[in-house]
1. List the number of the failed condition for residue 44; all other conditions in (1) surrounded by 14 or more Cβ atoms within 10 Å (Cβ to Cβ); (2) within 13 Å of the chain's Cα centre (by Cα) hold.
2. Determine which single condition residue 57 fails, assuming it passes every other condition in (1) under 13 Å from the mean Cα position of the chain (by Cα); (2) at pLDDT 85 or above.
3. When both residues are 6+ apart or on different chains and their Cβ atoms are under 9 Å apart, which pairs have a first residue that lies in the stretch 26-49 and is closer than 12 Å to residue 85 by Cβ, and a second that is among the acidic types (Asp, Glu)?
4. Mind checking which pairs have a first residue in the stretch 85-98 that is farther than 16 Å from residue 46 by Cβ and modelled with pLDDT of 80 or more and a second that is open to solvent by 60 Å² or more (accessible area, probe 1.4 Å) and part of a loop (DSSP other than H, G, I, E, B), Cβ under 9 Å, 6 or more apart or different chains?
Amino acid sequence: RTDPGGGLRRVAVRVVTRYWVRGLGRWLITHPADVPRVLRAAWRLRRRHWWRHAPWLPVPARDYWEFRVTTAMGAGAAMTARDVVAVARWSVRQDVRG
């Protein structure tokens, strides 16, 4: 018997394990002023035409995400919640108007 929510569950687990940073939820609950900054930075990193490709979520392409993390943190390093917020604050300060 197949689980009707199995596919959705697999996608959710894959997205969360790839893009979520441990402790970020706790940081954002205790520092609510950072929520818009992190959301804005995440929106800037989304893949173009994200609605056309599975998982149909505004997340960055895997290769691009890995490149950004590697250039920010170094090879093999993991981002912390504090790192994510620092990058988001920096990103919001950048002028991206064309």
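The values are calculated or read from the model by the stated rules, or taken from the named source; none is laboratory data. Remember, it's a predicted structure, so these values are computed and weren't measured experimentally. Backbone-built Cβ (ideal geometry, glycine too); neighbour counts: all protein chains shown. All accessible areas refer to the heavy atoms of the entire protein, side chains included, with ligands and DNA or RNA removed. Shrake-Rupley method; radii C 1.70, N 1.55, O 1.52, S 1.80 Å.
1. Residue 44 satisfies all of (1) surrounded by 14 or more Cβ atoms within 10 Å (Cβ to Cβ); (2) within 13 Å of the chain's Cα centre (by Cα) except (1).
2. Only one criterion in (1) under 13 Å from the mean Cα position of the chain (by Cα); (2) at pLDDT 85 or above is unmet by residue 57, namely (2).
3. 27/34; 28/34
4. Matching pairs, first to second residue: 85/31.
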